[in-house]
Amino acid sequence: MQNGPVKLLDVVALLEDRKQDGLVSGQIGTVVEVYPPDAFEVEFLDSEGRTISLVTLKRSEFLVLRHEPVSQP
């Protein structure tokens, strides 16, 4: 189950390892581009703020992290 729409600058967590990109499940990234209908450019940084990887992901490959509860209708 995914958790709502994805917007530019959303913080996301990778759901599966992407060894070819130097990324592991749980790694945190930021959406830097939205490509309708279901692709997103996500940038992953190290603790010094340097880019580890910039990858295009499908919606099913990440979880959007939320700081505040989302209202349910």
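For beta carbons closer than 7 Å, sequence separation of 6+ or different chains, a first residue in segment 7-19 that is surrounded by 11 or more Cβ atoms within 10 Å (Cβ to Cβ) and a second that is among the polar types (S, T, N, Q) and not in a loop (DSSP other than H, G, I, E, B), the qualifying pairs are VAL11/THR30.
GLY4 fulfils the conditions (1) within 19 Å of HIS67 (Cβ to Cβ); (2) surrounded by 10 or more Cβ atoms within 10 Å (Cβ to Cβ); (3) modelled with pLDDT under 95 except for a single criterion, (2).
Scanning segment 41-63 for residues that are open to solvent by less than 50 Å² (accessible area, probe 1.4 Å), in contact with an Asp or Glu (Cβ under 7 Å, 6 or more places away or on another chain) and assigned to a strand (DSSP E or B) gives GLU41, SER53, VAL55.
For ASP21, the stated conditions hold: it is at negative phi and either at pLDDT 95 or above or under 12 Å from the mean Cα position of the chain (by Cα) (or both). Quick check, is ASP38 without any contact (Cβ under 8 Å) to a residue 12 or more places away in the chain, open to solvent by 60 Å² or more (accessible area, probe 1.4 Å) and not β-branched (Val, Ile, Thr)? No, not satisfied.
The values are calculated or read from the model by the stated rules, or taken from the named source; none is laboratory data. Just so we're clear, the structure is a prediction, and the values are computed from it rather than from any experiment. Cβ atoms come from the backbone with ideal geometry, glycine included; neighbour counts cover every protein chain shown. Quick note on the areas: whole protein, heavy atoms, side chains included, nothing else; ligands and nucleic acids left out. Shrake-Rupley method; radii C 1.70, N 1.55, O 1.52, S 1.80 Å.
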